[in-house]
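Notes to accompany the following structure.
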Amino acid sequence: MSLLVVGLSHRSAPVSVLERAALHVDAQVKLLQDTVAAEPATEAAVLATCNRIELYADVDKFHAGVAELSTLLAQHSGVGLDELTPYLYVHYEDRAVHHLFSVACGLDSMVVGEGQILGQIKDSLARAQELHTAGRLLNDLFQQALRVGKRAHSETGIDRAGQSLVTFGLEQLASGTAVQDWAAGKKALVIGAGSMSSLAAATLARAGVSEVVIANRTAERAERLAEILNDSGDSDVVARAVPMDSVPDELTRADVVVSCTGATGLVLTAEAVAAGRGLDAQPGADGVPSRSGSGAAQAARLPADRGTEENCPLDLAPVPSTAGFSVLGEAAVAGMAASELEQHAAWVDNAPRPQGAVALVDPLAEADAIAALAATAALIGRVPERRKPEPVAEIPRPAPSLFLLDLAMPRDIDAAVHRLAGVRLVDIESLAEASADAPKAADVDQVRRIVADEVAAFGAALRAAHITPTVVALRTMAADVVAGEIARLDGRLPGLDDKQRSEITQTVRRVVDKLLHAPTVRVKQLAAEPGGAGYADALRTLFDLDPETVAAVSRAEDSTTDEEGRGSA
């Protein structure tokens with residue numbers, strides 16, 4: 001059997017695809033059950049976070065396993081297989097181990113070094129254990145991943161490379177201002193009471209907000225979180241819980257809203273935010289002028305000094321075409337008198353040239369401009385006039401008075417709220433873009449070395465463990481041979497007393513143990529090396545071991561490991 005992982009994350013798929021493929025808890029449970037019911041897989045675990053969905057399995061066939069796991073992910077996510085496949089990645093055996101260990105250390109997170117992933121890995125293992133879909137391989141793998149992640153955070157400064165997604169999101173909202181200075185005195189509304197929302201509430205409280213309001217569908221969880229915040233000595237924040245139907249009222253008072261729920265639809269629409277703040281929810285409410293309409297209509301919306309040439313007899317706004325040129329569309333001049341158009345043409349022909357202007361151009365130096373001119377002329381059937389670049393009319397947006405942080409997947413807050421004047425939205429998509437340019441700490445290299453060492457150690461232990469049932473079966477067979485021969489000796493020499501019989505038995509056992517010691521130790525060492533899996537087969541062949549005896553030992557060890565794993569997860 002071999003480890004296989006098939007998944008997608010913020011590194012392989014756009015947020016729009018991740019959002020549609022997000023798995024709620026019930027879907028994860030069904031996915032696990034269907035995976036272990038499939039022919040290629042015997043174990044399964046799902047790691048589903050706001051920016052990744054990964055299915056881990058112990059499979060006996062690589063190609064069949066990839067096909068089956070991909071199909072199951074598509075079925076349970078609701079995204080068609082053809083659409084999902086380009087965004088899927090596959091890791092196998094040692095590469096799969098390396099991937100999970102890197103994830104556990106925060107190297108593959110949207111915010112490098114964040115530690116929340118450890119809790120999510122622990123929850124994934126607990127769910128697989130509860131459903132009995134995690135056997136020996138996945139129990140060992142996920143528990144070792146947790147240890148590797150903790151080691152990386154304790155032995156290196158990976159925490160300095162990044163922070164929680166909540167902290168990173170608040171930094172983006174603060175736009176370069178220290179979060180403590182930005183948050184001081186603000187009123188916060190937190191929608192949801194799960195782990196991410198609880199972290200957001202605690203982070204806002206420590207940052208200095210004056211009030212935290214928690215809204216959740218389950219009132220008891222919201223009240224419990226509010227109680228914890230009020231009892232905490234870390235801040236002077238006032239926390240209170242409200243039902244979900246109070247969110248519209250709370251929007252009228254909130255300065256900061258953080259939402260992270262498990263809802264499958266929008267929690268806050270653009271219309272709801274606009275109504276709560278008394279804003280215009282229609283497109284263009286951010287003050288950006290519409291691009292539609294004729295050139296003359298656009299010119300009417302621009303300031304008087306925009307879009308015209310000095311002393312031009314016609315106050316027309318050009319329609320941009322290729323670089324350095326602009327063309328007046330037919331709609332812009334429709335209905336104008338021929339005399340006006342002739343007057344404009346004469347002005348273009350007779351316009352004064354700059355002092356020292358050279359009539360001829362260097363074809364090599366002006367190759368791009370000539371190519372652009374030729375392309376434009378071929379498109380419109382005439383040579384356009386040369387004009388200065390059209391200035392862009394920008395109307396500044398007002399400073400935001402409402403800050404929204406959406407950490408849910410699929411999203412809780414309508415992306416259209418970014419059009420509202422005075423509103424700033426940061427969501428998973430914008431965090432992914434911002435994190436792409438985030439600086440990485442030097443400790444990342446040290447963590448990568450830790451991961452590489454741990455992967456090698458895990459692989460060696462896995463290969464060594466693969467031969468253990470065979471070694472146990474060999475020693476069991478040897479013990480049976482010794483017991484049989486001692487029984488025969490008792491029949492031949494019935495006069496032996498207990499002391500003599502015990503001494504003979506111990507002597508025979510010592511001889512057998514010494515004969516088996518060196519071969520079994522050496523075969524374990526060889527089996528731990530890459531390519532050492534064949535030594536178990538050789539041992540079974542040389543000593544004519546019963547395959548069923550070896551399998552029985554494996555089942556007994558797996559049962560013991562499962563019980564130990566459930567107790568330590």
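The values are calculated or read from the model by the stated rules, or taken from the named source; none is laboratory data. A quick note: this is a predicted structure, and the numbers were derived from the prediction, not measured. Neighbour counts are summed over all protein chains in view; Cβ atoms, including those assigned to glycine, are modelled from backbone coordinates with ideal geometry. Remember, those area values only see protein heavy atoms, side chains included, never the ligands or the DNA or RNA. Shrake-Rupley method; radii C 1.70, N 1.55, O 1.52, S 1.80 Å.
For this structure, a couple of remarks:
- Estimated at the nearest 10 Å², the accessible area of Asp490 is 50 Å² with a 1.4 Å probe.
- Surface composition of the stretch 204-280: carbon plus sulfur atoms contribute 46% of the solvent-accessible area (1.4 Å probe, protein chains only, all chains present).
- Straightening the chain between Val511 and Arg449 buys 17.9 nm, computed as 0.36 nm per residue apart minus the Cα-Cα spacing.
- Computed label-point distance, nm, for sites Asp123 and Arg253 using a 7 Å Cα→Cβ extension: 2.9 nm
- Within the shell of other residues whose beta carbon sits under 12 angstrom from the beta carbon of Asp255, the net charge comes to +3, with Lys and Arg scored +1 and Asp and Glu -1.
- Label-zone membership for the stretch 196-211, site Val25, 7 angstrom Cα→C-beta point, backbone N under 18 Å: 196-199
- Among 12-19, 96-103, sorting by the average number of other beta carbon atoms lying within 10 angstrom of each residue, highest first, gives 96-103, 12-19.
- If R0 is taken as 45 Å, the Cβ-Cβ distance between Ser12 and Leu489 corresponds to a FRET efficiency of 0.10.
- Under the combined filter of DSSP loop state and at most 16 neighbouring Cβ atoms within 10 Å, the stretch 1-87 retains these trypsin sites (Lys or Arg not before Pro): Arg11, Lys61.
- The length gained on full extension between Arg475 and Ser2, counted as 0.36 nm times the residue separation minus their Cα-Cα distance, comes to 167.6 nm.
- Relative contact order for the stretch 1-126, counting Cα pairs under 8 Å that sit 6 or more residues apart, in percent: 33 percent
- FRET E, pair Ala415, Glu220, Förster distance 22 Å, beta-carbon r, rounded to 0.05: 0.10
- A Förster distance of 60 Å, applied to the separation of the beta-carbon atoms of Asp236 and Ala369, puts the FRET efficiency at 0.40.
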